[in-house]
Amino acid sequence: MKIPNVIKRAWKWFRTPSHFAIGTVLIVGFAGGIIFWGGFHTGMEMTNQEGFCIGCHEMRDNVYEEYVGTIHYTNRSGVRATCPDCHVPKEWGPKMVRKIQASKELYAKAFGIVDTPQKFEDHRLEMATREWTRMKANDSQECRNCHNFEYMDFSTQKTVAASVHDKAEEAGQTCIDCHKGIAHKLPKNFDASKEFKF
């Protein structure tokens, strides 16, 4: 197969040392870096959309339907927390780590581990525990992007909530310590009696 002359000339020009060589490398490297970063960032943002989450994961008929019935979906203020708001950190480094961890979910879907509602329920406690552990480790950062002890006015909360939030703050607890099941139902094997210790 004969290579067209334009390609041969371009390749020769690119490979021939000249005073343009370093400039060419810098310009091509800079442009390539911008294109790569822009494409990578765009791809990451596309995977950070609710539609992607419920389209690719075994979520649409399971946890998404549960979430639709919660205050995080519809409320008096009109502020909605979507899947990525609660499950993907906003900071770049932790976001990349979370995306890599999420590949396990894609693996489970692709290989039929959670591809039916029954299989999903069978693995729900394991998946929920993994997510709770992650949130505990980062001090419920995704929750605290919207809710924060520091800005809570306990005097406007119901008496029980104010008391519990005050004790939780003093005990160094984080949101997920008490608010498991806030947007999704709890796994059938979850033991609630071990929760709420102050």
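Per-structure values
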read-out	value
Breaking point among (1) touching a residue at least 60 places away in the same chain (Cβ under 8 Å); (2) part of a helix (DSSP H, G or I), for Glu58	(2)
Residue check, Ile113 outside any helix (DSSP H, G or I) and open to solvent by less than 80 Å² (accessible area, probe 1.4 Å)	yes
Some residue of region 41-62 being farther than 19 Å from Glu142 by Cα, of a type in the set (Val, Ile, Thr) and open to solvent by 80 Å² or more (accessible area, probe 1.4 Å)	no
Within region 65-92, considering residues that are in contact (Cβ under 8 Å) with a residue 12 or more places away in the chain and in a helix (DSSP H, G or I), the one nearest to Arg130 (Cα to Cα)	His87
Which listed residue, of Ile113, Ile71, is of a type in the set (Val, Ile, Thr), in the same structural domain as Cys143 (by the TED database) and over 29 Å from His147 (Cβ atoms)	Ile113
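Condition check ((1) touching a strand residue (DSSP E or B) at 6+ places or on another chain (Cβ under 6 Å); (2) under 25 Å from Pro89 (Cα atoms); (3) of a type in the set (D, E, K, R); (4) in a helix (DSSP H, G or I)) across all residues:
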{"position": "His165", "(1), (2), (3), (4)": "no, yes, no, yes"}
{"position": "Glu169", "(1), (2), (3), (4)": "no, yes, yes, yes"}
{"position": "Gly172", "(1), (2), (3), (4)": "no, yes, no, no"}
{"position": "Lys185", "(1), (2), (3), (4)": "no, yes, yes, no"}
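The values are calculated or read from the model by the stated rules, or taken from the named source; none is laboratory data. These numbers come from a predicted model, not from an experiment. Counting neighbours? That spans all protein chains shown, and the Cβs are built from the backbone with ideal geometry, glycine included. The area values use the complete protein model at the heavy-atom level, side chains included, leaving out ligands, DNA and RNA. Shrake-Rupley method; radii C 1.70, N 1.55, O 1.52, S 1.80 Å.
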